[in-house]
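Worksheet: the structure to be examined is printed underneath.
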Amino acid sequence: MPSATTDRTPDDRRPMRADARRNHDRLLGEARELFAEQGTDASLEDLARRAGVGIGTLYRHFPNRHALMNAVFQDALCDLLARSHALEAADRPCRALVEWLGAIVAGAGAYRGLAQALMSASRDETSALAQCHGPLREAGARLLERAQRSGDIRPDVSVGDLLQLTHAIALAAEQAPDDPGLADRLLLLTLQGLRGPGHG
(Lines give C-alpha, C1' and ligand atoms only; values in the text may rest on other atoms or scores of the structure.)
Protein backbone atom coordinates (compact mmCIF):
# COMPACT_ATOMS: atom_id res chain seq x y z
CA MET A 1 0.00 0.00 0.00
CA PRO A 2 1.48 3.36 -0.96
CA SER A 3 2.23 5.60 1.95
CA ALA A 4 3.35 9.17 2.29
CA THR A 5 4.95 8.38 5.64
CA THR A 6 8.06 6.74 4.21
CA ASP A 7 11.48 7.34 5.72
CA ARG A 8 12.58 8.77 2.39
CA THR A 9 12.28 12.30 1.15
CA PRO A 10 9.81 12.83 -1.72
CA ASP A 11 12.36 14.25 -4.14
CA ASP A 12 15.45 12.04 -3.92
CA ARG A 13 14.10 8.89 -2.19
CA ARG A 14 17.22 8.62 -0.02
CA PRO A 15 16.72 7.77 3.67
CA MET A 16 16.04 10.83 5.82
CA ARG A 17 18.65 12.21 8.17
CA ALA A 18 17.68 12.10 11.85
CA ASP A 19 16.85 15.83 11.97
CA ALA A 20 14.72 15.58 8.84
CA ARG A 21 12.91 12.59 10.34
CA ARG A 22 12.17 14.61 13.47
CA ASN A 23 10.82 17.51 11.40
CA HIS A 24 8.67 15.12 9.37
CA ASP A 25 7.20 13.48 12.46
CA ARG A 26 6.62 16.82 14.20
CA LEU A 27 4.84 18.21 11.13
CA LEU A 28 2.67 15.12 10.86
CA GLY A 29 1.73 15.18 14.53
CA GLU A 30 0.86 18.87 14.43
CA ALA A 31 -1.10 18.37 11.19
CA ARG A 32 -3.29 15.72 12.82
CA GLU A 33 -4.10 18.09 15.67
CA LEU A 34 -4.58 21.17 13.50
CA PHE A 35 -6.78 19.39 10.95
CA ALA A 36 -8.90 17.93 13.76
CA GLU A 37 -9.30 21.41 15.26
CA GLN A 38 -9.74 23.54 12.13
CA GLY A 39 -10.35 21.19 9.20
CA THR A 40 -8.13 20.21 6.31
CA ASP A 41 -8.13 23.75 4.90
CA ALA A 42 -6.21 25.02 7.94
CA SER A 43 -3.31 27.36 7.23
CA LEU A 44 -0.12 25.51 6.32
CA GLU A 45 1.85 28.54 7.52
CA ASP A 46 0.27 28.08 10.96
CA LEU A 47 1.13 24.39 10.80
CA ALA A 48 4.79 25.09 10.07
CA ARG A 49 4.89 27.64 12.88
CA ARG A 50 3.35 25.18 15.36
CA ALA A 51 5.89 22.54 14.32
CA GLY A 52 8.75 25.00 14.75
CA VAL A 53 9.95 24.82 11.13
CA GLY A 54 9.88 27.08 8.10
CA ILE A 55 7.26 26.75 5.38
CA GLY A 56 9.98 25.59 2.98
CA THR A 57 10.72 22.64 5.27
CA LEU A 58 7.03 21.72 5.28
CA TYR A 59 6.91 21.72 1.48
CA ARG A 60 10.08 19.64 1.24
CA HIS A 61 8.34 16.91 3.20
CA PHE A 62 4.82 17.42 1.82
CA PRO A 63 4.83 19.17 -1.57
CA ASN A 64 1.13 20.08 -1.42
CA ARG A 65 -1.90 19.92 0.86
CA HIS A 66 -3.15 16.61 -0.55
CA ALA A 67 0.21 14.97 0.12
CA LEU A 68 -0.04 16.09 3.73
CA MET A 69 -3.66 14.89 3.99
CA ASN A 70 -2.64 11.54 2.53
CA ALA A 71 0.01 11.15 5.23
CA VAL A 72 -2.40 12.18 8.00
CA PHE A 73 -5.04 9.70 6.79
CA GLN A 74 -2.69 6.70 6.54
CA ASP A 75 -3.41 5.30 10.01
CA ALA A 76 -7.15 5.50 9.45
CA LEU A 77 -6.71 3.97 5.99
CA CYS A 78 -4.79 1.01 7.42
CA ASP A 79 -7.59 0.47 9.96
CA LEU A 80 -10.23 0.58 7.21
CA LEU A 81 -8.34 -1.91 5.08
CA ALA A 82 -7.83 -4.27 8.02
CA ARG A 83 -11.52 -4.01 8.83
CA SER A 84 -12.49 -4.79 5.24
CA HIS A 85 -10.40 -7.97 5.32
CA ALA A 86 -12.07 -9.08 8.54
CA LEU A 87 -15.53 -8.37 7.13
CA GLU A 88 -14.89 -10.45 4.01
CA ALA A 89 -15.65 -13.53 6.12
CA ALA A 90 -18.86 -12.15 7.62
CA ASP A 91 -21.99 -14.29 7.39
CA ARG A 92 -24.12 -11.38 6.16
CA PRO A 93 -22.30 -9.72 3.23
CA CYS A 94 -24.71 -6.83 2.90
CA ARG A 95 -24.48 -5.90 6.56
CA ALA A 96 -20.69 -6.22 6.36
CA LEU A 97 -20.62 -3.80 3.42
CA VAL A 98 -22.79 -1.24 5.20
CA GLU A 99 -20.73 -1.55 8.39
CA TRP A 100 -17.58 -0.82 6.40
CA LEU A 101 -19.14 2.15 4.62
CA GLY A 102 -20.13 3.51 8.01
CA ALA A 103 -16.51 3.21 9.13
CA ILE A 104 -15.44 5.29 6.11
CA VAL A 105 -17.97 7.97 7.06
CA ALA A 106 -16.64 8.00 10.63
CA GLY A 107 -13.02 8.15 9.46
CA ALA A 108 -13.67 11.02 7.07
CA GLY A 109 -15.59 12.83 9.79
CA ALA A 110 -12.49 13.07 11.95
CA TYR A 111 -11.15 15.85 9.70
CA ARG A 112 -13.47 18.48 8.25
CA GLY A 113 -12.89 18.75 4.51
CA LEU A 114 -11.51 15.22 4.05
CA ALA A 115 -14.74 13.83 2.56
CA GLN A 116 -14.81 16.56 -0.09
CA ALA A 117 -11.14 15.99 -0.89
CA LEU A 118 -11.65 12.22 -1.24
CA MET A 119 -14.56 12.84 -3.62
CA SER A 120 -12.31 15.04 -5.77
CA ALA A 121 -9.43 12.56 -5.63
CA SER A 122 -11.63 9.83 -7.10
CA ARG A 123 -11.62 11.81 -10.36
CA ASP A 124 -7.99 12.91 -10.28
CA GLU A 125 -5.39 10.14 -10.45
CA THR A 126 -2.58 12.69 -10.11
CA SER A 127 -3.75 13.72 -6.63
CA ALA A 128 -1.70 12.40 -3.71
CA LEU A 129 -5.01 11.45 -2.12
CA ALA A 130 -5.56 8.94 -4.93
CA GLN A 131 -3.13 6.81 -2.89
CA CYS A 132 -5.91 6.58 -0.31
CA HIS A 133 -8.80 6.26 -2.73
CA GLY A 134 -7.27 3.38 -4.72
CA PRO A 135 -6.93 0.94 -1.80
CA LEU A 136 -10.38 1.96 -0.51
CA ARG A 137 -11.84 1.22 -3.92
CA GLU A 138 -10.23 -2.23 -4.08
CA ALA A 139 -11.40 -3.14 -0.57
CA GLY A 140 -14.91 -1.89 -1.26
CA ALA A 141 -15.08 -3.80 -4.53
CA ARG A 142 -14.43 -7.09 -2.74
CA LEU A 143 -17.15 -6.45 -0.15
CA LEU A 144 -19.58 -5.23 -2.80
CA GLU A 145 -18.98 -8.31 -4.96
CA ARG A 146 -19.79 -10.61 -2.04
CA ALA A 147 -23.02 -8.72 -1.34
CA GLN A 148 -23.96 -8.88 -5.02
CA ARG A 149 -23.24 -12.61 -5.23
CA SER A 150 -25.55 -13.15 -2.23
CA GLY A 151 -28.32 -11.33 -4.09
CA ASP A 152 -28.58 -8.61 -1.43
CA ILE A 153 -27.27 -5.81 -3.66
CA ARG A 154 -28.31 -5.05 -7.23
CA PRO A 155 -25.75 -6.23 -9.83
CA ASP A 156 -25.63 -2.84 -11.57
CA VAL A 157 -24.16 -1.04 -8.54
CA SER A 158 -20.52 -0.01 -9.06
CA VAL A 159 -17.97 0.49 -6.31
CA GLY A 160 -17.12 3.93 -7.69
CA ASP A 161 -20.70 5.13 -7.34
CA LEU A 162 -20.96 3.52 -3.91
CA LEU A 163 -17.87 5.31 -2.61
CA GLN A 164 -19.05 8.62 -4.02
CA LEU A 165 -22.35 8.17 -2.19
CA THR A 166 -20.45 7.34 0.98
CA HIS A 167 -18.24 10.43 0.71
CA ALA A 168 -21.35 12.52 0.04
CA ILE A 169 -22.95 11.15 3.20
CA ALA A 170 -19.79 11.99 5.15
CA LEU A 171 -19.89 15.52 3.72
CA ALA A 172 -23.58 15.92 4.63
CA ALA A 173 -22.89 14.71 8.18
CA GLU A 174 -19.94 17.09 8.45
CA GLN A 175 -22.20 20.01 7.59
CA ALA A 176 -24.86 18.99 10.14
CA PRO A 177 -22.92 18.50 13.39
CA ASP A 178 -26.09 19.03 15.43
CA ASP A 179 -27.66 15.89 13.89
CA PRO A 180 -25.45 12.94 14.96
CA GLY A 181 -27.85 10.37 13.51
CA LEU A 182 -27.86 11.81 10.00
CA ALA A 183 -25.11 9.58 8.57
CA ASP A 184 -26.78 6.39 9.80
CA ARG A 185 -30.14 7.44 8.33
CA LEU A 186 -28.58 8.29 4.98
CA LEU A 187 -26.68 4.99 4.90
CA LEU A 188 -29.95 3.16 5.56
CA LEU A 189 -31.66 5.03 2.72
CA THR A 190 -28.73 4.20 0.46
CA LEU A 191 -28.96 0.53 1.36
CA GLN A 192 -32.70 0.49 0.57
CA GLY A 193 -31.92 1.87 -2.88
CA LEU A 194 -29.20 -0.73 -3.50
CA ARG A 195 -31.24 -3.78 -2.51
CA GLY A 196 -31.48 -6.64 -4.99
CA PRO A 197 -34.74 -8.15 -6.27
CA GLY A 198 -36.91 -9.60 -3.55
CA HIS A 199 -35.39 -7.52 -0.77
CA GLY A 200 -37.88 -4.66 -0.96
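For segment 112-133, give me the residue count where each residue is more than 10 Å from the chain's Cα centre (by Cα) and touching a residue at least 60 places away in the same chain (Cβ under 8 Å). So the answer is 4. Of all residues in segment 47-71, those satisfying the criterion of being within 12 Å of R26 (Cα to Cα) and either open to solvent by 20 Å² or more (accessible area, probe 1.4 Å) or in contact (Cβ under 8 Å) with a residue 24 or more places away in the chain (or both) are R49, R50, A51, G52, V53, T57, L58, H61. Does C78 qualify as being closer than 24 Å to L182 by Cβ, part of a helix (DSSP H, G or I) and touching a residue at least 12 places away in the same chain (Cβ under 8 Å)? So C78 does not fit the description; no. Here L77 fulfils each of the conditions (1) within 21 Å of Q175 (Cβ to Cβ); (2) buried (at least 17 other Cβ atoms within 10 Å of the Cβ); (3) of a type in the set (A, V, I, L, M, F, W, C) apart from (1).
Could you tell me whether segment 139-153 includes any residue that is more than 17 Å from P93 (Cα to Cα) and over 12 Å from the mean Cα position of the chain (by Cα)? Within segment 139-153, none of the residues are more than 17 Å from P93 (Cα to Cα) and over 12 Å from the mean Cα position of the chain (by Cα). Y111 falls short on exactly one of the conditions (1) in contact with a Phe, Trp or Tyr (Cβ under 8 Å, 6 or more places away or on another chain); (2) part of a helix (DSSP H, G or I); (3) open to solvent by 30 Å² or more (accessible area, probe 1.4 Å), and that condition is (2).
The values are calculated or read from the model by the stated rules, or taken from the named source; none is laboratory data. What you see is a predicted model, and the numbers here were worked out from it, not measured in a lab. Glycine gets a Cβ as well: all are built from the backbone with ideal geometry, and neighbour counts include every protein chain shown. Quick note on the areas: whole protein, heavy atoms, side chains included, nothing else; ligands and nucleic acids left out. Shrake-Rupley method; radii C 1.70, N 1.55, O 1.52, S 1.80 Å.
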